[in-house]
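Structure, as structure tokens:
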Amino acid sequence: MNGHRALRAVVLAACLATAGATPALAWKLTPEATATERALAAYSANRLQRAINGGAFWGVSVVGHAVHEDITRRALQCTDDGQDLPGCEYDIRYQVAGVRWNDDPAFKFLPGRGEYVGCTAGQTVRMVTQPLCWVRVFHHGESAAARGVRLTGANGNLLVRSHFGDLQFLHAMAVADGEAPEQTRRNVLAWAEFTWRTAIGERGFGLEGVVASLPIDGFAQRFQFNRGWRIQDLFALGDPTARRADRMQKIALGSLLHVVQDSFAAGHVQRAAPMPGATCTGRADWPAPGPVVEFHSYPHQDARKHGRADQPDALAAHLAGPRPNVIDVVRTLADLWHAGAPWDDARPYLECVFAVAPDARPSSPGDRYRPDPPADPGQGGG
């Protein structure tokens, strides 16, 4: 474990914590593989260690402290006062794998494609299997999006689509500047429906379900270039032992939890403060989170500003603020999942979690996350 901490320190040396009652939160994940991922993804410790020690992840906005994993563990495991609680689930390896999936979805290049240093065509690319390839693909997508290239299934893989393209709603973000908040919410709720129905093992949402053919709003168009993909291909590419129904269900739940967690990160979503005593419509036992004022879009954000407040201190500040907080919301969802609630029962809560304020604005980078204007050379010192 000490060795892993040392590796993490190399990646995190430049991360800055922020202070204040409302920190600019940007939940991240650690580049270190979990035990499950090492077993499932043909993990090479030496390759990843060399990449980390060489600073490969330097400047990658999604890499940092394991805040996503920390939120998930706090919400799903028995940590209250150190007491064992009835019905608590200690083994959440696959939920954590699902939480990580949104930031690190597996993909692979066909022969003749993916001409990046460090990439091997035909082999699964993940942060832990081909780290140098992963970083180069990430930066290429970031650069393309900044130039105005719209990344979709026609010209992009899952990694760049989720961070910079038409799948940014996997991080509770708009797919482009100027998107109406109702459209972003619709995209988020469509993904929530897909993952929830998969997570509860609904008929038609099993391993062999074809993603583009599922009765989910927008999926036929969004996955039109990936028509052969099954749910197990989407979530378990290169991970054959994850292709069991119970494990796939937990991975799908984790993917949903990632979206929810990101919606409480200020670099992704600007929320109003929760109203004291406010509850979701028709459910006095569901405290209502603050409504969404703006879903941000990433391509024109300053990457350093987006990722600056990625320290555990930022999460601690959030948890010390008004409730319900991100852990409260994740726990409520976990309770619904453990109860086997059908989508029609879970949907009202997720609609409440992603309620938009009456004065909600179209998407933008967010005022706090825009790049600084170029320095005026005439104002330089010296």
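The values are calculated or read from the model by the stated rules, or taken from the named source; none is laboratory data. All figures in this text were calculated on a predicted structure; none of them were measured in a lab. So basically every Cβ, Gly included, is an ideal-geometry build from the backbone, and we count neighbours across all protein chains shown. Accessible surface is based on the protein model in full, side chains and every heavy atom, while ligands, DNA and RNA are left aside. Shrake-Rupley method; radii C 1.70, N 1.55, O 1.52, S 1.80 Å.
Pull out the extension gain between GLN77 and ALA146, defined as 0.36 nm times the separation in residues minus the alpha carbon to alpha carbon distance; nm, one decimal. Kindly include the intermediate steps, with their values, before the conclusion.
Details: separation 69, 0.36 × 69 = 24.84 nm, distance 3.94 nm.
So the extension gain works out to 20.9 nm.
Provide the per residue accessible area, probe 1.4 Å, for segment 234-347, rounded to a whole number of square angstrom.
On the way: 4310 Å² over 114 residues.
Computed with neighbouring chains in place, this is 38 Å² per residue.
If you average 1/r over every pair of different alpha-carbon atoms in segment 140-285 and take one over that average, what Kirkwood value in Å do you get? Display every interim value, and only then the final one.
Working: mean 1/r = 0.0606 Å⁻¹.
After inverting the mean inverse Cα-Cα distance, the result is 16.5 Å.
Peptides 211-222, 151-162, 257-268, 234-245: what's the order by average Cβ count within 10 Å, highest mean first? Mind dumping the intermediate values first?
Working: 211-222: 16.2, 151-162: 20.2, 257-268: 25.0, 234-245: 17.9.
Order by mean packing, descending: 257-268, 151-162, 234-245, 211-222.
Assuming R0 = 35 Å, what is the FRET efficiency of THR241 and GLU115, from their Cβ-Cβ distance, to the nearest 0.05?
Values: r = 31 Å, r/R0 = 0.89.
With a Förster radius of 35 Å, E is 0.65.
Scattering from the C-alpha atoms of segment 209-331 alone, worked out with Debye: what is log10 I(q)/I(0) at q = 0.09 1/Å?
Per q value, in the given order, log10 I(q)/I(0) is -0.39.
Using the Cα atoms of segment 223-290, I'd like the radius of gyration and the largest Cα-Cα distance, Dmax, both in angstrom.
17.5, 48
State the percent of C-alpha pairs, over all pairs in segment 121-198, separated by a distance greater than 15 angstrom.
That tail contains 61 percent of the Cα-Cα pairs.
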